[in-house]
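*Asks:* Dumping the structure here so I can ask a few things about it.
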Amino acid sequence: MQRTAPEDHGPVRYGPPAPESGLPVLPELAAVLAAASDRAAGEPPGGGPELREAACGYWWRRGLRSHPEEVAAASGAQPLLFALIGAYGGDVLMPRPCPAWWTPQARLLGRPAYHVPTPAECGGVPDPYALLETVRRVRAEGGRPRLLLLSVADDPTATVAPPETVREACEAAVGEGLHIISDETWRDTIHQPHETVLVSPAEMCPGDVTVISDLAGGLTPDSWPVAIARFPPTEEGAVRRARTLDILTALGAVVAEPIAAAAAHALDEPGPVTDRAEQAAALHARVAAAAHHAVLVSGALARPPQAGRHLYADLGPLRARLADRGVTDSMELEEYLTHRLGAPVPGGHRFGDELGALRVRLATGPLLGATPEQRLESLTSPAPLELPYVAGALSILGTAFDELR
């Protein structure tokens, strides 16, 4: 009997990087959190004025004019997306592959979710022709496609969609009456910021795009739950924001005041915060490039990583050697590589890919060291790839893939 992907995705963590693989907390942010630690109450639903003002400044610096009444915050990206899907209604479309936590949000609300293939050059954004065909098919079957989720700086593929690709996908979506939710969590983790152009869908279709960002992507520690959303400056945007706040209130998904204070400080982007973000992006870029080389040398495939802390590998060319080891689908591949590498290696089925496709997401965080001291040394070293624990982890990765040649 053919195996099917489990509905609950199993025990492997597939959202933001696990705290044990994250970089140490920036001392300046820790000091702000500590100074606010005596605040016992939570923020109001949607976030207090200080946090929302800081979010506006963050987006204004990226070319997105924003006002506090167009912004909402929540205790993490998962409840925020859940509230947004609930507020906008209808069936949900998303690229294949997509972040592993997207589909469960739609399922929890009982909403049909449809995965749309991506173009050859990138992930995160659906191919516009495939999108139009999917919308046509869903409507013919009696569905109500209303929402498109996309991520220009993508998890899991670590690619950044070219502006022309984003524009074509957005124009196709808006032309079919879809509202777009743009997850821009990883926009500040671009590996080559002077060579890679990232354009937000909200710049192209300002009245039809809601932007969300999990601050753990680049500004705050992984274990501090806070995410922000920017709604369109329209009457419908105001209505949807109010509905989103109702759902966040019902969920109790409010940001703790100490975390809100630290998040607002991070969103103001003082020097130490931006320096840390740039250092971290550069470190993950170097480690991801080395891991990418190891994948390609084995004969497997992967797009060059451009952002984030992952790369997405396709081991289809190694199918025969994997079959000799009893690996015939992505669930078995996940089990095999997780055991072989000693760190979670989620299979493509978690990201909406076909079960029979031999794809996995490889994270760079576990390659940076096993202790906070080692990870901090990786961050500050002029030659992190030469550190013994980083070199050793990359060697284990390279050997595991080389065995499959």
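*Asks:* Can you work out the accessible area per residue across the stretch 233-374, with the rest of the protein chains kept in place, probe 1.4 Å, in square angstrom?
*Replies:* 40
*Asks:* Starting from 0.36 nm per residue, how many nanometres of slack lie between A370 and I396 once their C-alpha separation is accounted for?
*Replies:* Extra length from A370 to I396 when fully extended: 7.9 nm.
*Asks:* Quick check for you: with a 1.4 Å probe and neighbouring chains kept, what is the accessible area per residue of the stretch 97-154, in Å²?
*Replies:* On the way: 2280 Å² over 58 residues.
Counting only protein heavy atoms, the per-residue value for the stretch 97-154 is 39 Å².
*Asks:* What ranking do 249-261, 94-106 get when scored by the average of other Cβ atoms within 10 Å per residue, highest first?
*Replies:* Put in order of decreasing packing, that is 94-106, 249-261.
*Asks:* Rounded to the nearest 5, what is the percent of antiparallel bridges among the DSSP beta bridges in the chain? All intermediate terms of the calculation are to be shown ahead of the outcome.
*Replies:* Working: 20 of 36 bridges.
Roughly 55 percent of the beta bridges in the chain run antiparallel, per DSSP.
*Asks:* Order the following by accessible area, largest value first: D155, D402. Probe radius 1.4 Å; ligands, DNA and RNA are ignored.
*Replies:* D402, D155
*Asks:* Taking Cα pairs under 8 Å and at least six residues apart, what relative contact order does the stretch 277-372 come out at, in percent?
*Replies:* Relative CO of the stretch 277-372 lands at 26 percent.
*Asks:* Another question, if that's okay. Distance in nm between label sites at A34 and E354, each 7 Å beyond Cα in the beta-carbon direction?
*Replies:* My value for the distance between the label points is 5.5 nm.
*Asks:* Let me ask something else about it. Sketch the reach of a paramagnetic label on E269 as a point 7 Å from Cα along Cα-to-Cβ, and name the residues of the stretch 212-228 whose backbone nitrogen lies under 12 Å away.
*Replies:* Residues 219 fall inside that zone.
*Asks:* Please report, as a whole percent, how much of the solvent-accessible surface of the chain comes from carbon and sulfur atoms (probe radius 1.4 Å).
*Replies:* 55
*Asks:* Could you check the simple spin-label distance between D246 and A323, using points 7 Å along Cα→Cβ, in nm with one decimal?
*Replies:* Rounded to a tenth, the inter-label distance reads 5.5 nm.
*Asks:* If you find the alpha carbon centre of the stretch 192-263 and of the stretch 265-296, how far apart are they in angstrom?
*Replies:* About 21 Å separates the Cα centre of the stretch 192-263 from the one of the stretch 265-296.
*Asks:* State the extension gain, in nm to one decimal, for the chain segment bounded by Q279 and E377, taking 0.36 nm per residue of separation less the distance between their alpha-carbons.
*Replies:* 34.1 nm
*Asks:* Under DSSP H, which helices of the chain have Cα atoms covering 27 Å or more of the helix axis and a Kyte-Doolittle average no less than -0.5?
*Replies:* Membrane-span-like by this rule: 271-297.
*Asks:* Let me ask another. Would you work out the relative contact order for the chain, in percent, from Cα pairs under 8 angstrom that are 6 or more residues apart?
*Replies:* Result for the chain is 21 percent.
*Asks:* Moving on. Modelling each spin label as a point 7 Å along the Cα-to-Cβ direction, I'd like the E235/Y129 distance in nm, to one decimal.
*Replies:* 3.9
The values are calculated or read from the model by the stated rules, or taken from the named source; none is laboratory data. Treat the numbers as computed from the prediction; the structure is a model and nothing was measured. Here Cβ is always computed from backbone atoms with ideal geometry, including for glycine, and neighbour counts include all displayed protein chains. Calculation scope for accessible area: heavy atoms of the full protein, side chains included, ligands and nucleic acids excluded. Shrake-Rupley method; radii C 1.70, N 1.55, O 1.52, S 1.80 Å.
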